[in-house]
Structure formats: C-alpha cells, structure tokens
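J.: The structure follows.
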Amino acid sequence: MANSFGIDIGTQNLKIFSGSNNHITNIKNTIAIVNKNQMYSYGDNAYSMFEKAPDTIDVSFPIISGVIADFDNMQTMLFEVLEKDLKGKIKGADIVVAVPTDITEVEKKAFSDLFSKSKNKPHSIRVCEKPIACAIGMGLDVSEPTGVMIVDLGADTTEISVISLGGLVLSELLPFGGNQIDESIVTYMKRNFNLVIGQKTAKQLKEEIGSAQPGRGEKLTVVGRDVVSGLPIEMEVESDTVYNAIKADLESFCTNVKLILEKVPPELAKDIVHSGIYLTGGTSQLHQLQDLFSEVTNIKVNDYEDPEESCVRGLGSVLADNKYKQYGYSMKTRIFK
C-alpha cells in the first residue's frame, strides 16, 4: 500500500513504517518549546537539548506512562515528521497506530484522534494492540491456538501479555521501565559516591556497562558534579556499581513476570514453556537480561534482533498483509465503557 503509515508512538522513541518504501524511521519522541506554545525543535535535535537547554526552552516528552500527555504538540510533531521529513501525505492515507492494552478506551481514542481531529483527514485510521503488533513483528503467528508470552520493556512502562487465537488472554501494563532504571542509577551515584550525574549519563552507563547479572567487569569514565565541593569531576564507574544500582528494579521486573505466569491457564502455560518468553522493547537490550529472566522463571527466553522496532514492523504487516488486517480496528466501532 503506497500511501500508508504504521506508527508506534513510544515514550522515548517515535517509530514510523512507511508503506511507500517499507522504510522505518526511528527518532526521539522529544519536543523543545519556546514561548510556552511554539515548537522550537523536535526529534533527535530536541533530545540533544535535554538537560542542556536554558530556562527559555522547555524540553519535554509528549508521551508519559504510555499515554498522550501533550496532545497538541504530539500532533504537531507527528505531522511535521510525516509531511516534511518523510515527504508523505496524510490526506487519504491508511494509518495504523499502536496502543498499549491496559489503558482506558478514552486514552486509546486519543491516539486515533491525533489524525481524526486534523485538517488533513486520512482515508482510514485504525489502532492495533501493541503486544499483538510486537508478536506479528517478531514473526509469530498470533492467529494460532497457541499461547505466546510477550514482555515489552519500554522507557516508562513494561507490558506483560499472553496472546492466543489473535486475542489477549492476560495483559498487564506496569508503570516502570528503562527511565526508572536510569533514575535509580542517578540516585545510587549521589547517595554512595556523592556524584550528581544527569539522566543521559545514567542511560549511557546502563547501555554501555550495565548488566542484569553481576560480574560483567567493564568500566566507564563519566563526568558529574561533586556534592561536597560543588565542582565537576571525572569518575571511573564499574559494571558492578551499575548492577547494584538497578538490582531492586530488576527484582521488580522478575516478580511481575512471575505473577503473570501464575495466572496463566495450564494449557497455555504448557505452550509458553515449550516456545519460551519473548522479550521486546528498547530496555530488553540490557546485557544478560534474558539470562536473568530465564534463571528466575526456568523458561527459555527469546530475544529479537531489533527489539525497538518489532512493534512498528508488526504494524507494517497489519497494513500490507491481508492475514493480519483484522488486528487493526477503528475506534468508531468500539463501545466505550
């Protein structure tokens, strides 16, 4: 389908699949605002200003905990990316947007409203449950009567779902993800080393030397501010320091995965043990995370080559493949509770 877009609006990243060339655009979901309502910058450029901008420029993330917190700016940014950066036409386009499962119908409708409440009306606007899109993107046949467990670790949320026969048997949206891990590193460094670091530096520590299990044995030099002297200093941080900072968060992830597994009907549990748990989402790239989950659950854990993009690839299939079209539905056909 030439004029079609699959859109995964994440807390940290905005991913867009373009049906005209099958290309995926992946940019930071960040906006920089001046004069309270004027967009100064967006995407990767706005993210580069995060924690560096003066008071006159407000850098923010329009999605918080999986829902749209800043509707107008999110809409403006989306249209800028689609029409200016991707040279696409929203008017007459077929659009599928991914939505988290465990949010209200009104919050889901807001994702559809980004396009329906605009001057340029698309040909069709459908939404698709995120876990189902992720499963399709990972090459799983969701229409089979087989239980599949997806753990989607995002920036602000973690969604744990069990899918069978194209529907969600169990789903839980947890209000923590990669950003909480970053905050734990910031807090730990301040409390134990009197070193104040920014969230970007914490993210760098997590990605480059962080691990879900101790003993990675790598080091990284970071710059922060000494609490005692107030001056900037350099400090070498070890992998085990990062592990100790995020240990409690990892235990929380594991506990919730186990709680969902306890609720799974026996026949579906048999399928999950046979096929394994599927990890996706940006935070799933944490070193040795699949080993930790496998150790805790005694079930093999499968990871995806490019976990950040599994959902948007699935949306591409919902757009183009007749087999999966049924998983995108219009909000007009839903009954609000």
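J.: Mind giving me the FRET efficiency for residue 256 and residue 52? R0 is 45 Å, r the Cβ-Cβ distance, nearest 0.05 is fine. The partial results should precede the final answer.
T.: Values: r = 34 Å, r/R0 = 0.77.
After rounding to 0.05, the efficiency reads 0.85.
J.: Could you pull out which residues in the range 304-322 have an amide N less than 20 Å from a spot 7 Å beyond the Cα of residue 275, following the Cα-Cβ vector?
T.: Within reach of a label on residue 275, which here means backbone N under 20 Å from a point 7 Å along Cα→Cβ, the range 304-322 contributes 304-319, 321-322.
J.: While we're on this one: Placing unit charges on C-beta atoms (Lys and Arg positive, Asp and Glu negative, everything else neutral), compute the dipole magnitude of the chain about its Cα centre in debye, rounded to 20.
T.: Here the chain has a charge dipole of around 1220 debye.
J.: I want to check the label-to-label distance for residue 325 and residue 192. Put each point 7 Å from Cα in the C-beta direction and report it in nm to one decimal.
T.: The modelled label-to-label distance comes out at 5.5 nm.
J.: Here's another thing I want to ask about it. Report for the chain the percent antiparallel among DSSP-assigned beta bridges with both residues inside it, nearest 5.
T.: Numbers: 44 of 61 bridges.
Just about 70 percent of them are antiparallel.
J.: Roughly how many Å² of residue 208 are accessible to a 1.4 Å probe, to the nearest 10?
T.: About 90 Å², ignoring ligands and nucleic acids.
J.: Among bridges DSSP assigns within the range 201-337, what percent are antiparallel (round to 5)?
T.: Restricted to the range 201-337, the bridges split so that about 70 percent are antiparallel.
J.: Before I look further, what does the chain give for accessible area per residue, probe 1.4 Å, in whole square angstrom?
T.: Per residue, the chain has an accessible area of 46 Å².
J.: Placing +1 at every Lys and Arg Cβ and -1 at every Asp and Glu Cβ, with all other atoms neutral, what dipole size does the range 133-255 have around its Cα centre, in debye to the nearest 20?
T.: My answer is approximately 400 debye.
J.: Take the chain, connect every pair of alpha-carbon atoms lying under 10 Å apart with a spring to form a Gaussian network, then pick out the residue of 322, 120, 13 with the largest mean-square fluctuation.
T.: 322
J.: Quick one: if you stick a label point 7 Å off each Cα along the C-beta vector at residue 38 and residue 72, how many nm between them?
T.: 1.4 nm
J.: Quick one: length gained pulling residue 226 to residue 113 fully straight, 0.36 nm per residue minus the C-alpha distance? Display every interim value, and only then the final one.
T.: Values: separation 113, 0.36 × 113 = 40.68 nm, distance 4.68 nm.
Result: 36.0 nm gained on full extension.
J.: Sticking with this structure for a sec: So for the pair residue 305, residue 168, with labels modelled 7 Å out along Cα→Cβ, what separation do we get in nm?
T.: 2.8 nm
J.: Among the listed pairs 206/247; 206/300; 108/323, give every one whose C-alpha distance is greater than 20 Å. All intermediate terms of the calculation are to be shown ahead of the outcome.
T.: Values: 206/247 12 Å; 206/300 24 Å; 108/323 24 Å.
Cα-Cα > 20 Å for 206/300; 108/323; rest within.
J.: In addition: Just report the Cα centroid separation between the range 42-116 and the range 250-286, whole Å.
T.: So the separation of the two Cα centres works out to 30 Å.
The values are calculated or read from the model by the stated rules, or taken from the named source; none is laboratory data. Here the structure is a predicted model, which is why all the values come from computation and not from measurement. Note that each Cβ is placed from the backbone with ideal geometry, even for glycine, and that neighbours are counted across all protein chains shown. All accessible areas refer to the heavy atoms of the entire protein, side chains included, with ligands and DNA or RNA removed. Shrake-Rupley method; radii C 1.70, N 1.55, O 1.52, S 1.80 Å.
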